[in-house]
1. Which of the residues that make up region A:172-181 are closer than 17 Å to A:L149 by Cα and surrounded by fewer than 20 Cβ atoms within 10 Å (Cβ to Cβ)?
2. Which members of region B:52-89 meet the condition of being at positive phi and either under 12 Å from the mean Cα position of the chain (by Cα) or among the basic types (K, R) (or both)?
3. Only residues that are surrounded by fewer than 16 Cβ atoms within 10 Å (Cβ to Cβ) and part of a loop (DSSP other than H, G, I, E, B): list them for region B:23-47, please.
4. Can you tell me which condition B:F87 does not meet? The list is (1) within 14 Å of chain A (Cβ to nearest Cβ); (2) farther than 30 Å from A:K44 by Cα, and all the others hold.
5. For region A:185-198, check the following and say yes or no: at least one residue is among the hydroxyl-bearing types (S, T, Y), within 20 Å of B:S86 (Cα to Cα) and surrounded by 17 or more Cβ atoms within 10 Å (Cβ to Cβ).
6. Do we have any residue at all in region A:204-225 that's free of Cβ contacts under 8 Å to residues at least 24 places away in the same chain, in a loop (DSSP other than H, G, I, E, B), of a type in the set (K, R) and within 14 Å of another protein chain (Cβ to nearest Cβ)?
7. Name the residue that is surrounded by the fewest Cβ atoms within 10 Å (Cβ to Cβ), counting only residues in region A:152-171 that are in contact with a Gly (Cβ under 8 Å, 6 or more places away or on another chain) and touching a residue at least 24 places away in the same chain (Cβ under 8 Å).
8. Which residues, taken from region B:55-85, are exposed (fewer than 14 other Cβ atoms within 10 Å of the Cβ) and in a strand (DSSP E or B)?
Amino acid sequence: MVHFVCGPLWFLNADLIIEFISLLIALLIGLFSHRASKFTSERKYFYFAMAFYLIAASFGIKMLATWLSCSQFKQVVFQSITIIQYNLNSVQTIYALGSFLHRFFMLTGLLILTTLCLKIRTNKTRLLLLFFIFISTWFSRETYFIFHLIAAFLLLYISLSFYANHYRKQTKNSFLVALAFALMFISQLIFIFVLLDPTLYVAGVIVQLLGFLSLLLTYLLIGKK
Amino acid sequence: MKRRDKLEIVNDILLAIQNKGGKIKPTHLLYKSNLSHKKMMEYLSELMEKNMVAEENEKGKKMFIINQEGFNFIKEYKKIKEFSDSFGL
């Protein structure tokens, strides 16, 4: 039996809308970076675009999985957390795959951002890190915790790097980027403790949304120039 | 001092023309772009091929003028530079 934590039942629709907003913002950043990679022919913009495309895809897969599971399957409310039960083996397999892809895409996107921030340029190192991400998301028994723990760890590195960039540049945009990833890092920390208090899920999603809105503001300010 | 990349040099050339009201003498451009004469002519012929810059004669003197494509390049470059600085890329 596969269980998927969706947070409180009353929050399901809002959750889907928030994830859709985050998906659109990630896509916008990815498309801009893709345009930059074509303009400059520099690989770093291409990798940056790929990272955001993967994050957008991760949100898309999660939304689809949540929507499918919540519209077609039996919901069990346990201590005000919505747990969806899957009784059919085939559906269970499809859902498990969707859940894996969501985690794998998100972590791979964050990993690419981390390698860019840490200036890791060798493909051997990148592949090694990707292998560990795959192993930890595929074989882990505590997938939920492991996923958020790794995401939090990667986001910590990314946030520190963007903070260092802001310290050097001292611009409004560099501040907004550093703030965005710091908020995403905090949201992952909150998600780790969701099973202790289900309302934390709502807090985590809102903090994550604030992070993406900060990225959107950066995008809009760049576009205005 | 950091070495300028190709796009940065192109941007500097186009900005120099733009800042002179969209039209500049070769000697001024040579001074503003901080390049050797040979290098500057290489860049200018590429920019003319891409329709960013055009050459014209004004009272018997050679002038370089910036085209719409050149203005578009400056705008796009500025956005990408801002993006790159914001994310520390």
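1. Passing the criteria: none in range.
2. B:K59
3. Scanning region B:23-47 gives B:K25, B:N34, B:S36.
4. It is condition (2) that B:F87 fails.
5. No, region A:185-198 has no match at all.
6. Yes, region A:204-225 contains a residue that is free of Cβ contacts under 8 Å to residues at least 24 places away in the same chain, in a loop (DSSP other than H, G, I, E, B), of a type in the set (K, R) and within 14 Å of another protein chain (Cβ to nearest Cβ).
7. Across region A:152-171, the extreme among qualifying residues is A:S161.
8. Residues satisfying the conditions are B:E55, B:E56, B:N57, B:E58, B:K61, B:K62.
The values are calculated or read from the model by the stated rules, or taken from the named source; none is laboratory data. Quick caveat: nothing in here was measured; it's all calculated off a predicted structure. Every residue, glycine as well, gets a Cβ built from its backbone with ideal geometry; the counts of neighbours run over all protein chains shown.
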